[in-house]
Each structure stands twice: as structure tokens, then as C-alpha cells.
Amino acid sequence: MEVDLLSAFAVGCIVILIYHYVSQKYLYFLAKPIPSLKPTFLVGNIGDIIFRTKDALTHINELYYAFPESKVVGFYELTKPVFMLRDPEVIKQITVKDFDHFMDRSLPSANDRADTDQPVEGLFANSLVAFQGQKWKDMRSTLSPAFTGSKIRHMFDLVADCSRSMVEHFRSEANAGRRLECELKDVFSRFCNDVIATVAFGIRVDSVRDPETEFYVKGKQLLDFQSPKIILKFLLFQTVPWLMRKLKVDFADADLADYFKGIIQDNMKQREVHGIVRNDMVQMLMEVRKGTLKHIGDDRESKDSGFASVEESHFGKSTHSRAWTDNELISQCFVFFIAGLDTVSSCLTFLTYELTLNPDIQKRLYEEVMDTERLLSEKPLSYEALQSMKYLDMVVSETLRKWPPTIDTDRYSTRDYLLDDGAGLKVPIEKGRSIYIPIVAIQNDPKYYPDPDRFDPERFSDENRSKIVPGTFIPFGAGPRNCIGSRLALMEVKVAVYYLLREFSLERTERTDVPIRLTKKAIDLRTENGAWVELKPRKI
């Protein structure tokens, strides 16, 4: 009996200590000159995401509009304090002007912030998105020449081949008398997988026709961020990062990482033996190993890729003497999966869905496609012809505004910082704190975009672009740590839409949700019941 009482007392003391420890963490923002949301014990302000009681858009909007007059707001991810930025000028100050204080991301990683130059294991831990400090700078400048306008032009034919193959498949299905009622996310995920295979890994696959192809199946497993296993890893990285680093845990399973690394290694060997040259990422990694991949001085870094494209900073154009290991170089192809599968397929899904719900916009875009066809005079579509399509760029930009594939971004303070907006707000941010930027909420704020729920490409016309408040359209992120592959992503979206609209009209079916309903089971924007559309062949 005495032992039971002692055990109960010990357990009670432990519970009280834990409660006190966590409660003390939730006092952090009380000493700051900014408002903060009241946290729930242990889960902070993200319980609705953890327990899947709200969709991602609703969750972010509730954070964003909790204090609509404040430029900076505090909230908690579990027990971790996070500064949310609501003002475009403050966002610019953090991500651009004072970037040297906020160079790193808050992403969970096997990298140790105390020593980022030490080699680490794992596909994710060795990718550009996970690198920090000088190592990130060096890898960004290493990869940057691979994503310039001139290099993307060289990849155009590879992407166009995948687009034509997808459309030819649907045309053959239609010719066989089949009704083409498609779930768009599934279709475009397979299309984007084929693009990644050819552009990043140097192989041809056709998962549009065969969704069970090994490359596609393993790619989906690699990016299944909704799986309990990945969610558990994420929570453990948030709560005990030191243990995850010690155990060398990576988000990507070792067997999947070995599969994709093996494809690239075998491809490199074959090219070296047979002298094969191909305009893809594998070729560029081989050039990196030889030290021959450089920025071209006259490369056009303008908006030729589209209004939404981002320009490379001086970090990406700098030089360095770092020697990369093969593991570090090969792991960069993982960036294509992170940035090119879910994000591009999501953009294509919402774009074509909006065209289905807005037939007038679809009609005008189709007319531009046919005008371009006439100008080409039966020649194949070229990169230059695609970039000359202004209305297509407007439609893509409006899709990225209303339905950004990356709904938020973050930064990590690498040293103590005083946020001073010059208008009386002064917020001390200590080293090691996280910054949160709610992209989707800012881009759908009626203060910046009147009637934001309306899909209106005219917001991005030549006449109206000047009305867009700087810093309120950031679908590819902000500052030097923006998305390195924005040009490739935009080209991929535009090519797919061009060929699809040329051959098919997009029409509603009984399964088309109006309005679009978002699922509570995802941490990004995904439809609850799928995005169903009928592809009706045009008479040629």
C-alpha cells in the first residue's frame, strides 16, 4: 500500500512538473509587445491540424484574422513560440533587407545547426531545402545556373513531350468511345511524375498510361506527408530534435532513397561510358562535378518566364570553392519531388478546375491557344511562343494567388534581432525563434485583393499589375530563399494547359463540387472529394 502511494505521488509530481514546464513555455509572448493566440495545452494553436478538425485554409485564416490590425502576431506550434508576419513591409524586412539574420528555414532536419558543414546522411537532410547557413549559400549558387532562363529553355522539349503524351493518351481514349471523366489531381500527379523522371532523373516513364509504374509508386511513397509515419517523424523533430539528429533519422526511408539514388548513379555511369549528353538535371550534376556549370553573363533574368517567377539573388550568382560529395549532389534531385510533384500538380488541378467553373475565362484562353497555333503555322510549340501568351500567364498568376501550392513559408532567426518597423513597433526576436509567413491568407486578404474568392485573371493584366501591393503576391516565397525552380514550374504548368485546352474543353460533371470543398486531412490545399471534370474532345 505504501509503495502504491509513493508511486502515485511520484507520478503526480511528474505530471505537475510537466504541466508547469509546458505552462511556462506558454508565457513567452506575454513579455512581447505583440498580441498572441491563447494556446491549448501541449498542442498550442495547431490542434485542429493535428486532429484534422479543420482544413488548412480555415486554420491559417483563423490565425491570420485573430488580430487583423497587428503586423506581427504570436502563436504556438505545440510548445514552440512562432512569430507570424501579417504585413508585407515587415515580410520584406525579414526576408530581404535583414536576410542575414533569417537565412535558415525552420524545417525539421537531421542537420545540426551548431555544425552545418559536417556531412550528414539521408536524402532530405542533404537537399537544398534542409541546408543551412554557408552550406545553403554554396549549394544555392551551385544549383542556380541549372535554373536560369537559358537552361529552362533547353528542358522545354522534354516537358512538351510529356504534355503531348498525356494529351495523346486522352485523345486515344476518346477515340475508343470512352467518356473522359477525370479526377484532375490524379491525372496531373502522374503527368508531373513523368516530367520529374525525364528532367531530374534522365529516364522516360509513362505513368499517365500506367499508374503502377515503379517510379511513380515509389515517388508517391516518398512524398506521402499525410502518412502516420511521416507525421510522427515531424512531431518528434519538433519536440526532440536532438534525439532525431543523434539517431540520424531522415524523412525519406532509406530503401526509397537508395532506389532514386541508384537511378541517377546508373544514369551517370552510362553517360560517362557512352558519351551521352542530354539537357536534364543529371547532365547538370555531372557538369557540377567537373566544375563546368556556371552562370552565363547575358542570361535573361527578367520576367520572361511569367509574372510569378522569382529573380535569383546575389547569393545564387556568387562563387565558392566547396567540393560536394556525390551523395550531396545526387540528393538535390529530391528537390524536384518536393517542389515539382505536389506543388505543380496542385496548381494544374486548381487552374483547370477554375476554368471548368468559369467557361468565359476558358473560352478566352482557348482563343489565345488557337491564335498561337495560327502564328506557329503548323510548327511545334516553342518556349518563346509559350512565353508570349499573356492571358495564359494571367490565368496562371491568378491561380497561384487564390490557390498557392505552397500555402506558407518560414524562417529561423540565426542571431538576436530587433524588429523595428519605423512606425513604433519594436519586437525583440531571440536567436533560435521561428518566423511564419501565411502566404495563402495574405494573397486572399480583401485589403489587397478585392473580392478575393472570385477567380479574376484581370488582376494580373498589364493595366492592373501596378495595383498589386509589393509583398502580397509571393506564391514562390520571398527573398533570396525563394523557390529556385519557379521558372521550370511555370513552364510545366503552361505547356500542360496549352496542349490540354487545344484538344479538349473542360466541362462539369455530376461529381464536380461547386464550390470547391477542401479536405481536413491535408496540410495543404486539397479537394475533399477530388476535382472531377469531363474532358470533351474538340472537333479538329
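The values are calculated or read from the model by the stated rules, or taken from the named source; none is laboratory data. Please read all numbers here as calculations on a predicted model, not as lab measurements. Neighbour counts run over all protein chains shown; Cβ positions are idealised from the backbone, glycine included.
At-a-glance table
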{"quantity": "Total residues in segment 47-73, condition touching a Lys or Arg at 6+ places or on another chain (Cβ under 7 Å) and under 21 Å from PHE234 (Cα atoms)", "calculated": "5"}
{"quantity": "Top-ranked residue in segment 112-141 [being closer than 14 Å to PHE334 by Cβ and of a type outside the set (A, V, I, L, M); ranked as modelled with the lowest pLDDT]", "calculated": "GLU121"}
{"quantity": "Test for LEU418: is it outside any loop (DSSP other than H, G, I, E, B), of a type in the set (A, V, I, L, M, F, W, C) and in contact (Cβ under 8 Å) with a residue 40 or more places away in the chain", "calculated": "no"}
{"quantity": "Residue match in segment 261-269 (condition: more than 19 Å from PHE334 (Cβ to Cβ), in the same structural domain as PHE334 (by the TED database), modelled with pLDDT of 80 or more and β-branched (Val, Ile, Thr))", "calculated": "no"}
{"quantity": "Residue satisfying all of: in segment 294-312; part of a loop (DSSP other than H, G, I, E, B) and charged (D, E, K, R); modelled with the lowest pLDDT among these", "calculated": "ASP298"}
{"quantity": "Any chance LEU184 is in contact with a strand residue (DSSP E or B) (Cβ under 8 Å, 6 or more places away or on another chain), in contact (Cβ under 8 Å) with a residue 12 or more places away in the chain, surrounded by fewer than 21 Cβ atoms within 10 Å (Cβ to Cβ) and of a type in the set (A, V, I, L, M, F, W, C)", "calculated": "no"}
{"quantity": "Any hit, segment 271-278, residues being surrounded by 16 or more Cβ atoms within 10 Å (Cβ to Cβ), of a type outside the set (D, E, K, R) and in the same structural domain as LEU341 (by the TED database)", "calculated": "no"}
{"quantity": "Matching option when the condition is touching a Leu at 6+ places or on another chain (Cβ under 6 Å) and under 30 Å from PRO145 (Cα atoms), among PRO475, PRO480", "calculated": "PRO475"}
{"quantity": "Condition check for SER106: in the same structural domain as GLY74 (by the TED database), under 27 Å from GLN221 (Cβ atoms) and modelled with pLDDT of 85 or more", "calculated": "yes"}
{"quantity": "Helices (runs of 4 or more DSSP H) (entirely within segment 184-293) containing at least 2 residues that are in contact with a Gly (Cβ under 6 Å, 6 or more places away or on another chain)", "calculated": "184-200"}
{"quantity": "Residues within segment 355-403 that are acidic (Asp, Glu) and crowded, with 22+ Cβ neighbours inside 10 Å, tallied", "calculated": "2"}
{"quantity": "Exclusive hit being over 29 Å from ILE516 (Cα atoms), touching a residue at least 24 places away in the same chain (Cβ under 8 Å) and among the charged types (D, E, K, R), set LYS38, LYS54, LYS32, LYS97", "calculated": "LYS32"}
{"quantity": "Qualifying residue in segment 52-61 (condition: out of contact with any Ser or Thr (no Cβ under 8 Å at 6 or more places or on another chain), aliphatic (A, V, I, L, M) and surrounded by fewer than 19 Cβ atoms within 10 Å (Cβ to Cβ))", "calculated": "yes"}
{"quantity": "Top-ranked residue of segment 169-183 - restricted to ones that are in contact with a Phe, Trp or Tyr (Cβ under 9 Å, 6 or more places away or on another chain) and in a helix (DSSP H, G or I), ranked as nearest to GLU287 (Cα to Cα)", "calculated": "PHE170"}
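Rundown of residues vs (1) more than 17 Å from ALA130 (Cα to Cα); (2) surrounded by 15 or more Cβ atoms within 10 Å (Cβ to Cβ), yes/no style:
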| residue | (1), (2) |
| --- | --- |
| ASP210 | yes, no |
| GLU214 | yes, no |
| LEU222 | no, yes |
| SER227 | yes, no |
| LEU232 | yes, no |
| LEU236 | no, yes |
| TRP242 | no, no |
| LYS248 | no, no |
| PHE251 | no, yes |
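Residue-by-condition table, conditions (1) touching a Cys at 6+ places or on another chain (Cβ under 6 Å); (2) in the same structural domain as LYS390 (by the TED database); (3) part of a loop (DSSP other than H, G, I, E, B); (4) buried (at least 20 other Cβ atoms within 10 Å of the Cβ):
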position	(1), (2), (3), (4)
VAL469	no, no, yes, no
VAL493	yes, yes, no, yes
VAL497	no, yes, no, yes
ARG502	no, yes, no, no
ASP524	no, yes, yes, yes
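Condition check ((1) on the phi > 0 side of the Ramachandran plot; (2) among the charged types (D, E, K, R)) across all residues:
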site: SER461; (1), (2): no, no
site: VAL469; (1), (2): no, no
site: GLY477; (1), (2): yes, no
site: ARG502; (1), (2): no, yes
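Let's see how each residue does on (1) out of contact with any Gly (no Cβ under 9 Å at 6 or more places or on another chain); (2) not hydroxyl-bearing (Ser, Thr, Tyr):
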site	(1), (2)
LYS467	yes, yes
CYS483	no, yes
SER486	no, no
VAL497	yes, yes
GLU503	yes, yes
ILE516	yes, yes
ALA531	yes, yes
